[in-house]
1. Tell me whether the range B:242-258 contains one or more residues that are part of a helix (DSSP H, G or I), at negative phi, over 18 Å from the mean Cα position of the chain (by Cα) and crowded, with 20+ Cβ neighbours inside 10 Å.
2. Report those helices (runs of 4 or more DSSP H) wholly inside the range B:140-215 carrying at least 1 residues which are surrounded by 23 or more Cβ atoms within 10 Å (Cβ to Cβ) and at pLDDT 90 or above.
3. Grab the helices (runs of 4 or more DSSP H) fully contained in the range A:284-368, keeping just those with 2 or more residues being open to solvent by 30 Å² or more (accessible area, probe 1.4 Å) and closer than 30 Å to A:Ile219 by Cβ.
4. Could you tell me whether the range A:175-191 includes any residue that is open to solvent by 30 Å² or more (accessible area, probe 1.4 Å), β-branched (Val, Ile, Thr) and more than 9 Å from every other protein chain (Cβ to nearest Cβ)?
5. Looking at the range A:193-283, what helices (runs of 4 or more DSSP H) fall wholly within it and have at least 3 residues that are at pLDDT 90 or above and hydrophobic (A, V, I, L, M, F, W, C)?
6. If you go through the range B:378-387 one residue at a time, how many are at pLDDT below 85 and either among the aromatic types (Phe, Trp, Tyr) or open to solvent by less than 30 Å² (accessible area, probe 1.4 Å) (or both)?
7. With the requirement that a residue be more than 9 Å from chain B (Cβ to nearest Cβ) and not hydrophobic (A, V, I, L, M, F, W, C), what does the range A:149-174 give you?
Amino acid sequence: MTETFAISILLLPLSLMVVLSLAWWFSRPLGEKWTTRLVVWSFALSAALALGVLTQGRSFLTQPGAWFSVGHYTSTWDFCIDPLSLIFAALTGILLFVIAVFSRDYLHRESGFFRFYLLLTLFGFGVLMVVLAGNLEQVFLGWELVGLTSALLIAFFAHRPGPTANGFRAFLTYRLCDIGLLSAVVWLHHTTGTTDFHVIENDGFVHYGISTAGSATVIGLLLLVACLGKSALFPVGGWLPRAMEGPTPSSAVFYGALSVHLGPYLLLRARPIFEDSTIASAAVVIIGLLTAFHGSLVGRVQPDIKGALAYGSMTQVGLIVAEIGLGLEWLAVLHIVGHACIRTFEILRAPSVLHEYHHLELSLGSVLPRMGQHYEQLLPAKLRHRLYLHALNEGPVEPVPFYLLGLWRKMCLGFDRWERKLEDLFGSSNPQSQSPLEVIK
Amino acid sequence: MTGFPIFLSLALFASGAIVASRATPREARSLSATLAGLCTIISAAGINLLPQETWLAVQGGLVCIVTLVAVSLSALARVQQSTLLTVFFLGGLSILTTSTSHPGALATLWLASVGLTWWEARKHSQKASRLFAVYLGTGSVILLAGLLSNSPGLLVLVALSLCIREACFPFQSWFLSFVEELPMGLVVAFTCPQLGILYHFKILSGQLSTSYHEELAVLGILTALFGAALATVQPSLRRALGYLIISQTGLVAFGAEETSKVAHTGALACWFVVGIASAGFAMTIEALETRNGGPINLEEASGNFESMPALATSFLLTGMAMVGLPGSLGLIAEDLLVQGSVEEFPLLGFALIIVTALNAITIVKCLLKLFANSESCDCPVDLVPRERAAMTVVLIPLFFFGLFPGVLLGWLGGF
């Protein structure tokens, strides 16, 4: 019975997503009222089921069956039901329930209302798949869905160029970093014959193969690359503040609460791999601290509240990652839960923050005191000025991706020009007009 | 040859003949959609009713779906009755090709499909038809020399001709012009069944020496990387599509060189996915061009998702299914291909991961260019019922087999 409940946490949003998609495809979209009700109840039930299973205090791996099998390769459906996954599943259900309720009024009569809820359900399914997955293949499945829905929701207001460009930037970062996750899956499977979390934990990764220390480092670093993109870690986190151009509710749940914390969740799940590699663990700590420093610094000069909140998220996620690298897993879990809830609240309240400040200042009868001036108090003026300029430019690494993309574009277009010349040579009506030598030149 | 494929191909030939006799292109297209739909139903029935010919029926089903979507989403402005006739005949020839392994029959079918396509291409573009004639004509001569010599040493000629037919690097020049300048229905009917890959499985599997297999695998992954890289920067939508198809075909060609069962099944699954998904993807581009009134430049393109939601969704789902969207068969194919190939060619296996990432980036970039950045759209017509029905037929196998892959993998195992 507990196993059925545990799987139902995931099946509820999945079945709802299928119903909503089919209704829409066959031109029978549900109205706002029914769409909201179904989504709200689906996530409320998922959260209740997760909490219910969590209170039973059991940890187990459930295998409903094989997904597919070819030769010696078998892919099974594995679900890891333990306190870590259930806490995340409950958090996901609760926050998506809140967002679904909030968006009912926020997006009322918006032309993309149904699209928003459909993508939110798909996102919820993706996150639940990642947190309940019992192997890395399933993590990848949910991970990709989260990335795609994230990009599509950033570009939700598709009639403006800004959101679509930022949606594409987010997707570009995700997909390039996901190369790390897929490579880790393949490498782990190739080295150990399995990517199941329970096998890794029970047997201890160190017992596999002969080159385990090296493999653990490589796999750990590949997983870290995957986390860089999803959790907007240094140096690729420039997409995060720009992602705030999506609807406020989705910004809250994606970039304040759930999506950005999937990276730390993956690191927590793959803990045994990092325990066997000092280099990978050290890299996690360094990246985490750099991200926290970068986010804290750049967040201070943001002119808009959503940008400041995005960098605030980045700072906290950086700290969480550093905690995981230092082996403080349960502190990281508490940090994630607290940060996700508070940040969601802050982002949802962001549109009315000016009104609230005004109200507070009127009540106090004076301007609100400035807070959080640690750098101003601790650092000399000259260094402060340098750091200020650094923060305004979003650090030295922000232009690097654009420079690299420019080089890439130039190189590919060069090949394409050569290709076009070849086409003209063989396809032109007067083939004598250009010799092959000229084409090569 | 066995009974069911012959029956199915005759049904397609007869459909073509009936369609060609219609008075106007509009009438011909409506009737084409109905007849191709009937053929698809017959092939689906064949899969269920003929257990001993399941694999052939699956291939027939793929060709029928490709034909259905090719005729249903064709633009009236560029399609004449003769084009629809060619599409049906190419479908029939493709099905016959699936059912035989006789070298003479394979050579005849190859020549027939190349000749028929060239004959139709001449009516639409001089440049494309000339390039087609230069490359595919040479390829046909090489194939004939390789097949008819009956010498194992000359099988390398067959491999070379298959590389030309599948537009593998560096023989891809004809294909880009072919995609850019000809009616998409014709492009889809000739390209999407990926007969070159089938020829490969039928003639070359296990026949070439290991070193040749390795070289062909490298060529496959080079093609995939080349296509994926160049697709990311194309300003022309059709040219981007051409590079995407080249890239995906390169992946299938790479998988075809694998000897492990996992990678081999992955290559077959990839062949199935790329066949159906690229047909759907290409035809959504044709549908978009119809609404746009001509070819689309991605640097100037803008659209509105709200005015064409079903078209945008079809574009996204078919495109992403090709490159491994979770829930689609593409993910299973990609997984099997990568997992199987890492054992044999570790570095090439990882290159394959990069290829799928680049292709996914291209598809999302095109989606955001085509369906965003505009308050209103001059072409607010979404998929009409005929087009929506065809796209539904495309999406069903992609996602049904994505969720329940065991059924299809069982059939593919019979190959």
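1. no
2. Of the helices (runs of 4 or more DSSP H) lying wholly inside the range B:140-215, those with at least 1 residues that are surrounded by 23 or more Cβ atoms within 10 Å (Cβ to Cβ) and at pLDDT 90 or above span B:155-165, B:173-181, B:184-191.
3. Hits in the range A:284-368: A:305-325, A:329-349.
4. For the range A:175-191, residues open to solvent by 30 Å² or more (accessible area, probe 1.4 Å), β-branched (Val, Ile, Thr) and more than 9 Å from every other protein chain (Cβ to nearest Cβ): present.
5. Here the list reads A:212-230, A:262-269.
6. Qualifying residue count for the region: 1.
7. A:Thr149, A:Ser150, A:Gly162, A:Asn166, A:Arg169, A:Thr173, A:Tyr174
Rundown of residues vs (1) open to solvent by less than 70 Å² (accessible area, probe 1.4 Å); (2) part of a helix (DSSP H, G or I); (3) within 10 Å of chain B (Cβ to nearest Cβ); (4) farther than 21 Å from A:Leu290 by Cβ, yes/no style:
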residue: A:Arg384; (1), (2), (3), (4): no, yes, no, no
residue: A:Leu387; (1), (2), (3), (4): yes, yes, no, no
residue: A:His390; (1), (2), (3), (4): yes, yes, no, no
residue: A:Met411; (1), (2), (3), (4): no, yes, yes, yes
residue: A:Arg417; (1), (2), (3), (4): no, yes, no, yes
residue: A:Leu422; (1), (2), (3), (4): yes, yes, yes, yes
residue: A:Leu425; (1), (2), (3), (4): yes, yes, yes, yes
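The values are calculated or read from the model by the stated rules, or taken from the named source; none is laboratory data. This one's a predicted model, so the numbers in the text were calculated from it and none came from an experiment. Note that we place each Cβ from the backbone using ideal geometry, even for glycine, and neighbour counts take in every protein chain shown. For the accessible areas, the whole protein counts, side chains as well, though only heavy atoms, and no ligand, DNA or RNA atoms are used. Shrake-Rupley method; radii C 1.70, N 1.55, O 1.52, S 1.80 Å.
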